[in-house]
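Asker: Here you go, one structure.
Just so it is clear, none of the values below were taken in a lab; they were calculated from the coordinates. Because the structure is predicted, anything quoted here is derived from the model rather than measured. Cβ coordinates were reconstructed from backbone atoms using ideal geometry, including for glycine residues, and neighbour counts include every protein chain displayed.
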Amino acid sequence: MSSSRKYDVFLSYSMKDREWVSEFANALREAGVATWFDVAALTPGTRWQDEIQAALRASRTLVVVLSPNSIDSPWIFFEVGAAVADQQRIIPVLTEDLDVPRIPVLLQQFQS
């Protein structure tokens, strides 16, 4: 893992949780954490898949926001897989209580 990554954190989440994640992203930024959040980073006309992949590679840590909305998202699991392949730290953040069996086994191994 490169020590010269541009972002401290890449936020992976369900669009249905955008309001919660936006507040979380603002709190991270106010604490001095260089955060990649798609709403702030993607502009009209951007090839969003390319930008997301580049931002993932440029991040030290993947923060996976787990909620009933995101728990089964294929795109979130693409992002988790990319972070695992790149040997990034992965931090699950729960927006509310979730039954442990609902949390994918891949993510149960990471301390939240």
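Asker: Only helical DSSP H runs with n ≥ 4 go in: add -39500 (n - 2.57) per run for the chain, normalise by residue count and round the 222 nm mean residue ellipticity to 500 deg cm²/dmol.
Answerer: Rounded to the nearest 500, it is -10500 deg cm²/dmol.
Asker: Here is a follow-up. How big is the dipole moment of the chain about its Cα centre under a simple scheme where the beta carbon of each Lys and Arg is +1, that of each Asp and Glu is -1, and everything else is neutral? Debye, nearest 20, please.
Answerer: 420 debye
Asker: Extension gain F78-M15, at 0.36 nm per residue separation less the Cα-Cα distance, in nm?
Answerer: Length gained, F78 through M15: 21.2 nm.
Asker: Then there is this: Could you please state, rounded to a whole Å, how far the C-alpha centre of the stretch 59-98 is from the C-alpha centre of the stretch 1-43?
Answerer: Comparing the Cα centres of the stretch 59-98 and the stretch 1-43, I get a distance of 12 Å.
Asker: Then there is this: Given a 10 angstrom Cα cut-off, can you work out which residue in V100, V21, V63 is the most mobile in a GNM of the chain?
Answerer: Most flexible of the set in this elastic network: V100.
Asker: Pull up all non-local amide H partners of L66: gap of 5 or more, or a different chain, and H-to-H distance under 5 Å with H placed in the peptide plane.
Answerer: Counting only residues 5 or more places away or on other chains, the set is V93, L94, T95.
Asker: For the stretch 42-111, run through the GluC sites (Glu not before Pro) and keep only the ones in DSSP coil with at most 15 other Cβ atoms within 10 Å of their Cβ.
Answerer: E96
Asker: Related question: Per the Kirkwood treatment, what hydrodynamic radius in Å, one decimal, follows for the chain from the mean inverse distance over all distinct Cα pairs?
Answerer: 14.3 Å
Asker: If you don't mind, another one. Quick check: the angle from helix 74-85's long axis to the longest principal axis of the chain, C-alpha only, nearest 10 degrees?
Answerer: Helix 74-85 sits at roughly 70 degrees to that axis.
Asker: Nearest 10 degrees, 0 to 90: what angle lies between the long axis of helix 48-57 and the longest principal axis of the chain (Cα atoms)?
Answerer: The answer is roughly 80 degrees.
Asker: Tilt of helix 18-30 relative to the longest C-alpha principal axis of the chain, in degrees (0 to 90, nearest 10)?
Answerer: Taking the Cα atoms of the chain, the angle to 18-30 is about 60 degrees.
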